[in-house]
Amino acid sequence: MVTFRCSASARSSYSITLLPGDGIGPEVVDVAKDVLFVAGAKEGVELRFQEMLMGGAALDAVGVPLPDETLAAARASDGILLGAIGGYKWDNNEKHLKPETGLLDIRSGLGVFANLRPVTVFPQLVDASPLKKEVAEGVDIMVVRELTGGIYFGKPRGFGTNDKGEETGFNTEIYSVSEIDRIARVAFEVARKRGGKLCSVDKANVLEASMLWRKRVTAIASEFPDVELSHMFVDNAAMQLVRNPKQFDTIVTNNIFGDILSDEASMITGSIGMLSSASVGESGPGLFEPIHGSAPDIAGQDKANPLATILSAAMLLKYGLGVKNAAKRIETAVTQTLDNGFRTGDIYSPGATLVGCKRMGKEVLKALESQK
């Protein structure tokens, strides 16, 4: 069973590997690093940082998207904060030389298999949601996605030729009992700490892999009698997220469905610049990152929204290190900064104060430092 590195440890010092990556990654990580340091210090925790290359930045410097020394440093640390990976510059590279391959490789190398994606509509930003206010208001969902199995990794995969001589492409959606059981347990644990409701999303009316998924999630439910389990087909779940998202508390699903549904759910908030994520395994450090991309079109212009990365840093403290009070300090500081009317361009509305990445970071720091 996954145990997030938790409060039992009374350590006062931790090492954090920073992976700024590409595009706006270095800008948002730089801001989040300062916030992390101050939040830790407020709770008597010293955080030591080591910056390493990954993605396009690593390709340009050493010719591979995930250098061995980067993975070694990540494994040896207590938590990893990632900025963003990729950009137009590397789009035409061969698959093994794409920045995104580095992301798949580090997830695999760290053994992280559970992706936690909170979807929270901040009351200050409810008008930014594309959904009606009464639909979006109060949405607070956690999507738990299986990250290292399923169709993205299943074999056989590749290209072939059919009996008509046509070229074909094929992939394999495959899950083992152990893979399903461990992600189900993570999801039940998360749901238990939240609203006590878990919805498992599958396509068990068509796919054998989903039939096994539903069978195993139902079996694991007996270990968590305090959590209410429901099941939903993925096409219906996609509709319900738009129609009535407040019905969901915690969602668990496979790799490909989770990839799609978590992105859909993120748009309920009105800005992916606000959304954090965590990827955790059975042991070792977790990987924490904003869900937004590298946004090369605004890189280096001080326009990026650093709040998703700052909130990812809070998840690192909470789920990665078990320093929950420091995490709460960051979340409170972000809320206060929004209350004070500061907005980057992606979440701006008339009457607010338009600021850039650095200024937003300074305002969060100011709110943090004013806390007792």
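The values are calculated or read from the model by the stated rules, or taken from the named source; none is laboratory data. Please read these numbers as outputs of a predicted model, since none were measured by experiment. Methodologically, a virtual Cβ is constructed for each residue, glycine included, from the backbone with ideal geometry; neighbour enumeration extends over all protein chains shown. For accessibility, only protein heavy atoms count, side chains too; no ligands or nucleic acids. Shrake-Rupley method; radii C 1.70, N 1.55, O 1.52, S 1.80 Å.
Brief remarks on what is shown
- Within region 103-138, considering residues that are polar (S, T, N, Q) and open to solvent by 20 Å² or more (accessible area, probe 1.4 Å), the one farthest from residue 75 (Cα to Cα): 124
The rows are residues; the columns are (1) of a type in the set (Gly, Ala, Ser); (2) open to solvent by less than 10 Å² (accessible area, probe 1.4 Å); (3) in contact with a helix residue (DSSP H, G or I) (Cβ under 7 Å, 6 or more places away or on another chain).
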residue: 252; (1), (2), (3): no, yes, yes
residue: 260; (1), (2), (3): no, no, no
residue: 266; (1), (2), (3): yes, yes, yes
residue: 270; (1), (2), (3): yes, no, yes
residue: 275; (1), (2), (3): no, yes, yes
residue: 286; (1), (2), (3): yes, yes, yes
residue: 290; (1), (2), (3): no, yes, yes
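- Here is the figure for region 58-81: residues that are without any contact (Cβ under 8 Å) to a residue 40 or more places away in the chain and not β-branched (Val, Ile, Thr) total 8.
- Pair list, Cβ under 8 Å, 6 or more apart: region 355-366 residue farther than 16 Å from residue 299 by Cα, other residue modelled with pLDDT under 95 and crowded, with 20+ Cβ neighbours inside 10 Å: none
- Of all the numbered requirements in (1) surrounded by fewer than 23 Cβ atoms within 10 Å (Cβ to Cβ); (2) within 22 Å of residue 119 (Cβ to Cβ), residue 307 misses one, and that requirement is (1).
- The set of residues in region 41-86 that are more than 14 Å from residue 26 (Cα to Cα), open to solvent by 10 Å² or more (accessible area, probe 1.4 Å), touching a Ser or Thr at 6+ places or on another chain (Cβ under 7 Å) and among the aliphatic types (A, V, I, L, M) comprises 45, 73.
- The conditions of being at pLDDT 95 or above and surrounded by fewer than 22 Cβ atoms within 10 Å (Cβ to Cβ) are not met by residue 237.
- Scanning region 139-182 for residues that are among the hydroxyl-bearing types (Ser, Thr, Tyr) and within 29 Å of residue 269 (Cα to Cα), we see that the one that is least open to solvent (accessible area, probe 1.4 Å) is 148.
- Output for region 150-161, where each listed residue is in contact (Cβ under 8 Å) with a residue 40 or more places away in the chain and part of a loop (DSSP other than H, G, I, E, B): 153
- Residue, most open to solvent (accessible area, probe 1.4 Å), within region 338-363, restricted to residues that are assigned to a helix (DSSP H, G or I) and closer than 15 Å to residue 273 by Cα: 358
- In region 130-148, residue nearest to residue 258 (Cα to Cα) [restricted to those that are modelled with pLDDT under 95 and under 20 Å from the mean Cα position of the chain (by Cα)]: 147
- Residue tally, condition at negative phi, open to solvent by less than 60 Å² (accessible area, probe 1.4 Å) and in contact with a strand residue (DSSP E or B) (Cβ under 8 Å, 6 or more places away or on another chain), over region 183-209: 15
- In the set 323, 217, only one residue is more than 25 Å from residue 175 (Cα to Cα) and more than 12 Å from the chain's Cα centre (by Cα); that residue is 323.
- Hey, residue 222 among the hydroxyl-bearing types (Ser, Thr, Tyr) and open to solvent by 80 Å² or more (accessible area, probe 1.4 Å) or not: yes
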